[in-house]
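Any read-out appearing in this document is the output of simple, stated calculations on the displayed coordinates, not a laboratory observation. All values derive from a computational prediction rather than experimental measurement. Glycine also receives a Cβ, built like all others from the backbone with ideal geometry; neighbour counts cover every protein chain displayed.
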Amino acid sequence: AEIDSVNEWVYNTINHGVYKTGLAETQDAYEKVAYQVFESLDRVEGILSKSDYLVANTLTEADLRLWTTIVRFDPVYHGIFKYSLKSIEKDYPHILKWARRIYQIPGAGETVNMEHIKGLYWHALVQINPKGIIPIGNGPNLAEPKIV
């Protein structure tokens, strides 16, 4: 039940929230959802300041569902969806440590191909990035320092 509850608010305000902000058609719509995303990231930061994982201090589906968005947040969503207010690397130390912990689980890091991820977003969203320019940099180094 707790996992389902976390999944619901994480999906609505972070996983799907980044897309609602990125594809907003008005300033008001953008700001409303952007602030909701950051409020939820603040909530996650608070949880992870007291626990290694989101639910019951053990890796669960809730962590993995959020992790896929967090891995993309700085290198993709921060720029293309205009999330310039805060970044995972600079403003959310507990989320960053948590993301590293999951990335460093054997096999998890190998599922992340950041060049492919960046190319997909920056080329597919022609209305946002008509020239297809892919920014340099891949966000925070999740492989170091060692957590696992």
Q) Which of rounded, prolate, oblate describes region 2-124, given a ≥ b ≥ c as roots of the alpha-carbon gyration tensor eigenvalues and a/c under 1.5 marking rounded, otherwise prolate only if a/b is larger than b/c? A) oblate
Q. If you rank LEU54, LEU48 by fewest surrounding Cβ atoms within 10 Å, what's the result?
A. LEU48, LEU54
Q: Check the straight Cα-Cα distances from LYS50 and name the lysines below 18 Å, setting aside those fewer than 8 residues away within the same chain.
A: LYS97
Q) Can you give the extra length, in nm with one decimal, that the chain gains between ASP28 and GLU115 once fully stretched, where that is 0.36 nm per residue apart less the Cα-Cα distance? A) 28.1 nm
Q.
For a quick check: sort GLU39, GLU45 by the number of other beta carbons within 10 angstrom, fewest at the front.
A. GLU39, GLU45
Q. Under a straight-distance cross-link criterion of Cα-Cα below 23 Å, which lysines are reachable from LYS32, leaving out those fewer than 8 residues away in the same chain?
A. LYS20, LYS82, LYS86, LYS90
Q. What ranking do LEU59, LEU120, LEU96 get, fewest neighbouring Cβ atoms within 10 angstrom at the top?
A. LEU120, LEU59, LEU96
Q.
Between 0 and 90 degrees, rounded to the nearest ten: what's the tilt of helix 114-124 against the longest Cα principal axis of the chain?
A. 30
Q. On a 0 to 90 degree scale, rounded to 10, what angle separates helix 27-48 from the longest Cα axis of the chain?
A. 20
Q.
Angle check, please: helix 93-103 long axis (alpha carbons) against the longest principal axis of the chain (alpha carbons), in degrees 0 to 90, nearest 10.
A. 80
